[in-house]
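The values are calculated or read from the model by the stated rules, or taken from the named source; none is laboratory data. Just so you know, these numbers come straight off a predicted model, no measurement behind them. Please note: Cβ atoms are built from the backbone with ideal geometry, for glycine as well, and neighbour counts cover all protein chains shown. Note: areas computed on protein heavy atoms with side chains; ligands, DNA, RNA excluded. Shrake-Rupley method; radii C 1.70, N 1.55, O 1.52, S 1.80 Å.
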Amino acid sequence: MTKRRVFVGAICLLVAGGIFAASFVIFSQRNSEKIATLPAIENQDATVKSLPISVFITPHHLLVEKDIDAVFKEVSEKNGDQIVDRIILLSPNHFNIGKSWVIGSEKNWETPDGTIQADKVSLDNLRNLAYVSDDIFEREHGIRNLLPFVKKYFPRATLVPLALREGFPAEKADALTARLTQLSDSHTLLIVSADFSHYLDWNFSRFHDEKTLETISQLDDSHVDALDIDCVSCVRIAMKYAEFRSTPNFQLLNRTSSLELTGKNLVGEETSHLTGYFASQISAQAEKKDSVQLLFSGQASPEKMTDNARRIFMGQDKNIFQENSQIKMNVFAALSFSSKNNEPAFEDGKPFSVQTINEKKVAFVDANMVSFDLESVLQSIAQSKLQSDIVVVLWKKNEPLQEKNESNLKAQKFVDGGADLVVGTGGGPIAPIEIYKNKLIAPSLGDVSPACFSSGKSCAGIIFAAGFSSNKIEFVFMPVGMEKNGRISLATGQAREAIFEKLSQQLTAVNLKEEALGGSLSLDLGK
């Protein structure tokens with residue numbers, strides 16, 4: 001009788017256990033689908049102190065091993081005798097392993113200086129937000145490359161390694177930030193493993209990094225999705241986490257790039273690197289910047305470009321291009337590799353538009369030489385000048401392009417009337433740029449249209465970006481061409497050099513010509 005009772009009891013326990021396990025799986029699946037509904041944390045516990053430096057950013061590209069070591073060392077020394085016993089390490093999921101937005105590993109890691117223990121308790125508390133496995137990071141260099149530095153400078157710390165897939169939605173990243181802050185205490189350090197601008201040249205790499213640094217320093221989560229970073233969501237989490245931990249002040253330690261280190265500006269092989277940390281102490285870089293970055297690509301819209309070339313649209317405050325004979329503008333979303341806020345530059349029937357960008361008023365004037373005569377364009381420039389800080393004339397020339405012909409003189413009159421920049425959008429061969437009264441005139445950005453491709457001609461163009469600050473305007477130029485499949489790609493080698501040569505033909509000042517031949521130009525607004 002006793003044996004029967006024991007047997008029946010055992011069966012009941014097994015059945016109950018099976019029901020519990022099945023219920024747990026269903027519960028976990030449902031929770032994983034509700035990441036975005038987790039509440040945000042607002043000063044959850046004011047008594048929890050933070051490290052003087054709670055978050056830092058480091059590359060995982062071992063070409064800059066010395067920079068990686070330097071930022072680990074600096075953070076270790078700045079935090080002084082305050083022990084770091086938990087490290088949360090965020091990395092891009094370079095190989096898109098798994099189907100979850102977030103993956104973590106609970107394995108222990110061997111390094112030359114000893115074993116790093118996984119923080120299994122914290123990882124268990126993340127299971128409804130992340131898929132946690134044992135050996136999932138065998139190939140993930142965003143994690144593995146940094147482990148020797150973790151053990152060297154924070155020998156007592158356990159590890160919470162997390163890799164985030166490209167396209168991780170902002171609301172889910174915010175939910176993960178909330179959970180990470182719940183897990184953190186005064187001995188927790190967050191490390192972001194990220195490399196920055198990729199695959200362009202060193203001119204655009206520097207240009208994109210300037211906007212990245214401005215965005216990070218201002219904790220501007222409204223623009224972070226557009227930045228040229230291999231882990232946008234990692235940086236988003238870092239900014240919000242730093243703010244919560246009362247260490248909102250970003251201090252840049254160093255910025256470099258693979259091309260600058262090798263001394264060869266080879267398009268397509270660039271990776272830039274930033275090291276820096278968020279601290280409680282206000283840094284010397286804390287002053288608010290008011291730069292406006294605009295990119296002009298003529299007929300080269302993002303959808304027509306190769307994947308690597310499309311990265312050129314990341315970062316800027318606005319991209320302006322021609323699509324189906326209409327001038328459009330957008331902000332490019334790096335997370336989804338697509339355009340957002342895609343809109344016409346002008347409302348129907350209106351000769352100019354004024355937009356607020358980074359607290360600056362920027363006017364775009366429609367100078368279509370068919371629709372408007374010169375006097376009407378000049379009136380539009382004068383009216384827009386009264387309403388704005390910067391005036392950009394978008395000049396669609398529908399007349400034959402010749403060197404220094406009558407239409408070029410019209411462009412000079414635009415500058416006389418108050419234009420700060422004149423950009424040709426009407427196609428045709430690439431035309432030399434002109435500096436008139438210290439303002440740039442770019443008559444034609446070339447022809448990379450479908451019509452040019454179908455004609456069998458050699459199709460080439462120029463994309464350029466302009467950065468307006470309080471005392472200067474910086475320009476960076478990128479030659480483009482067309483591949484056999486009709487996609488627009490970044491020009492290289494002799495084709496690239498020939499476009500720069502064409503572009504700089506009319507520049508008489510030696511310093512400006514040399515700059516333009518190298519793909520950039522800087523104009524001092526004080527002159």
Total residues in the stretch 103-144, condition touching a strand residue (DSSP E or B) at 6+ places or on another chain (Cβ under 8 Å) and closer than 22 Å to Ile53 by Cβ
5
Right, Phe278: open to solvent by less than 10 Å² (accessible area, probe 1.4 Å), farther than 27 Å from Pro148 by Cβ, out of contact with any His (no Cβ under 7 Å at 6 or more places or on another chain) and aromatic (Phe, Trp, Tyr) or not?
no
Residue match in the stretch 266-278 (condition: more than 19 Å from Gly315 (Cα to Cα) and not in a strand (DSSP E or B)):
yes
Conditions (1) of a type in the set (D, E, K, R); (2) open to solvent by 60 Å² or more (accessible area, probe 1.4 Å); (3) over 21 Å from Lys240 (Cβ atoms); (4) modelled with pLDDT under 95: number failed by Lys152
(4)
Which ones in the stretch 117-126 are of a type outside the set (Lys, Arg) and either without any contact (Cβ under 8 Å) to a residue 12 or more places away in the chain or more than 18 Å from Pro169 (Cα to Cα) (or both)?
Gln117, Ala118, Asp119, Val121, Ser122, Leu123, Asp124, Asn125
Taking Lys289, is it modelled with pLDDT under 90, closer than 26 Å to Ser193 by Cα and open to solvent by 10 Å² or more (accessible area, probe 1.4 Å)?
yes
Show me the strands (runs of 3 or more DSSP E) entirely contained within the stretch 60-116 in which 1 or more residues are without any contact (Cβ under 8 Å) to a residue 60 or more places away in the chain.
102-105, 109-111, 114-116
Which condition number does Asp134 fail, the rest of (1) surrounded by fewer than 17 Cβ atoms within 10 Å (Cβ to Cβ); (2) out of contact with any Lys or Arg (no Cβ under 7 Å at 6 or more places or on another chain); (3) in contact (Cβ under 8 Å) with a residue 24 or more places away in the chain; (4) among the acidic types (Asp, Glu) being met?
(2)
What pairs can you find where one residue is in the stretch 450-464 and free of Cβ contacts under 8 Å to residues at least 24 places away in the same chain, the other is among the aromatic types (Phe, Trp, Tyr), and their Cβ atoms are less than 8 Å apart, with a gap of 6+ or different chains?
Cys459/Phe453
Hey, could you check the stretch 388-407 for residues that are open to solvent by 10 Å² or more (accessible area, probe 1.4 Å) and closer than 21 Å to Leu507 by Cβ and say which is modelled with the highest pLDDT?
Lys397
In the list Ser246, Ser233, which residue meets the criterion of being open to solvent by 30 Å² or more (accessible area, probe 1.4 Å), among the small types (Gly, Ala, Ser) and not in a strand (DSSP E or B)?
Ser246
